[in-house]
Amino acid sequence: MKTNKAKLLLITAVLALPLRRAAAEVFLPEPDGARTRAEEPSAADKRWFFDKVGAPAFWTLSRGSRAVKVLVCDTGVEASHPDLRGNVGPGKNFVDGTDNTAPTGNGHGTRVAGLIGARGGHDGAGAFGLNYEVTVVPGKISNAASGEAVHTDTAKCVRWGADQGIRVVNLSYGGALDNPDMQAAAKYLYEKGGLLLISAGNAGERLDLPDYPYMLAVGGTDALDWKSPWSNTGPYVDITAPGSNMYTTDAGGKYAVSRGASLATAVVSGAAALILSARPDLTAGELKAVLLRSALDLGTPGRDEAFGEGRVDLKKALELLKAGPVPAN
Ligand SMILES: [Ca+2]
């Protein structure tokens, strides 16, 4: 029974649920919701986000590697999805202790995973993520159709990833930023060489949370590099990435056009995996430094509460990696 555990999350348009402060993460599908392949948008509409972040430039150096694992602590990932098959490895269920990481009534984790490593034709049918090849490791932290998770299971997921030597952990959930257990888990991961990418939240309001050095908090932007209206702001926001109108895989062999900081977080995780595929020698601090220092400054000059250091930019990251030694942090 989980009744004495603090609730952490909530996703998919379940706006009626009592949200845990503004830090709660709400994943909102676009009004069209999940679309079938036959109804998919144009190739240009599907690929805008990886063009925006300069992924094609980085692909001249590396298109990803199955040696790089990205732990997705979420609602499970549909490994049998036609566009994920081969890029999803075995994971763990932290709710029931089994190895069952298939989605149970909630496609949130499958949507997140698609942006990291879906492998449909990126000029044609299907969904395509930032990595042609990667190993998405599903860490299932919710068996509920609502997607709701508790912080104890979530912290377990992050610590397990650290013990597995996983370098990138994606947490597209809210409520964890200022949770002491989660902060300790993030630090544990960081000290073992991994980086936690975490959603800055979808409430569209300012949170007066400090910048926590062992997590990268991600906000969302749109195709014009405006801050997405739902994206939270505050001193804790480290970086932003596309999170509006994101075409991705969905559970049930489907596809979705979705929006939210969940998706923006997945883009940064995908970028981190891509960077590690080219430079597996980077420490967690160096990986963080590459992401932050290569980000395109937006809004007011320098770091600001809306964009953090700026919008993720893999073209600049590529230039930074080629320029010489990477700063430690
Ligand atoms: Ca700025």
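Laboratory data are not the source of any read-out in this text; all were calculated from the coordinates shown. Because the structure is predicted, anything quoted here is derived from the model rather than measured. Glycine gets a Cβ as well: all are built from the backbone with ideal geometry, and neighbour counts include every protein chain shown.
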Next item on the list: Sort largest first and round to whole Å: the equivalent ellipsoid semi-axes of region 170-308, each the square root of five times a Cα gyration tensor eigenvalue.
Entry: 21, 19, 16
Next item on the list: Lys and Arg at +1, Asp and Glu at -1: add these up for the other residues within a Cβ distance under 12 Å of THR101 and post the number.
Entry: -2
Notebook entry, point to check: For region 112-151 and region 233-302, what is the separation of their C-alpha centers, rounded to whole Å?
Noted result: 13 Å
Notebook entry, point to check: Quick one: if you stick a label point 7 Å off each Cα along the C-beta vector at ALA43 and SER146, how many nm between them?
Noted result: 4.3 nm
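Beyond a 25 Å Cα-Cα separation, which of these cross-linked pairs lie in this structure: LYS192/LYS254; LYS92/LYS254; LYS288/LYS322; LYS192/LYS315; LYS92/LYS316? The partial results should precede the final answer.
On the way: LYS192/LYS254 36 Å; LYS92/LYS254 23 Å; LYS288/LYS322 17 Å; LYS192/LYS315 28 Å; LYS92/LYS316 35 Å.
From the list (LYS192/LYS254; LYS92/LYS254; LYS288/LYS322; LYS192/LYS315; LYS92/LYS316), the Cα-Cα distance tops 25 Å for LYS192/LYS254; LYS192/LYS315; LYS92/LYS316.
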Next item on the list: Based on the mean of other Cβ atoms within 10 Å per residue, sort peptides 154-160, 317-323 so the most packed one is first.
Entry: 154-160, 317-323
Notebook entry, point to check: Considering amide H positions built from the backbone, and no H for Pro or chain starts, which residues 5 or more places from ARG206, or on another chain, come under 5 Å of its amide H?
Noted result: THR233
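Which value results for Rg/Rh of region 234-286 when Rg is the Cα radius of gyration and Rh the Kirkwood radius based on the inverse mean 1/r? Working shown, then result.
Working: Rg = 13.8 Å, Rh = 12.9 Å.
The Rg/Rh ratio comes out at 1.08.
Highest mean first, what order results for 260-269, 96-105, 142-151, 75-84 on Cβ atoms within 10 Å?
Details: 260-269: 32.2, 96-105: 15.5, 142-151: 21.6, 75-84: 24.4.
Output ranking for 260-269, 96-105, 142-151, 75-84: 260-269, 75-84, 142-151, 96-105.
Over the chain, what is the relative contact order in whole percent, taking alpha-carbon pairs under 8 Å and six or more residues apart?
Answer for the chain is 22 percent.
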Check: Check GLU148: other-chain or 5+ apart residues with amide H under 5 Å from its amide H, H built from backbone geometry?
Finding: ILE11
Margin query: In whole Hz and in residue order, list the ³J(HN,Hα) couplings for region 241-249 that follow from phi through the Karplus curve 6.51 cos²θ - 1.76 cosθ + 1.60, θ = phi - 60°; x for Gly and Pro.
Written below: 7, x, x, 10, 6, 9, 8, 7, 6
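Report Rg(Cα)/(2.2 N^0.38 Å) for region 55-155, keeping two decimals.
Details: Rg = 13.8 Å, N = 101, 2.2 N^0.38 = 12.7 Å.
Normalised by 2.2 N^0.38 Å, the Cα Rg of region 55-155 equals 1.09.
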Notebook entry, point to check: For the chain, what is the Kirkwood estimate of the hydrodynamic radius, computed as the reciprocal of the mean inverse distance between distinct Cα atoms, to one decimal in Å?
Noted result: 18.7 Å
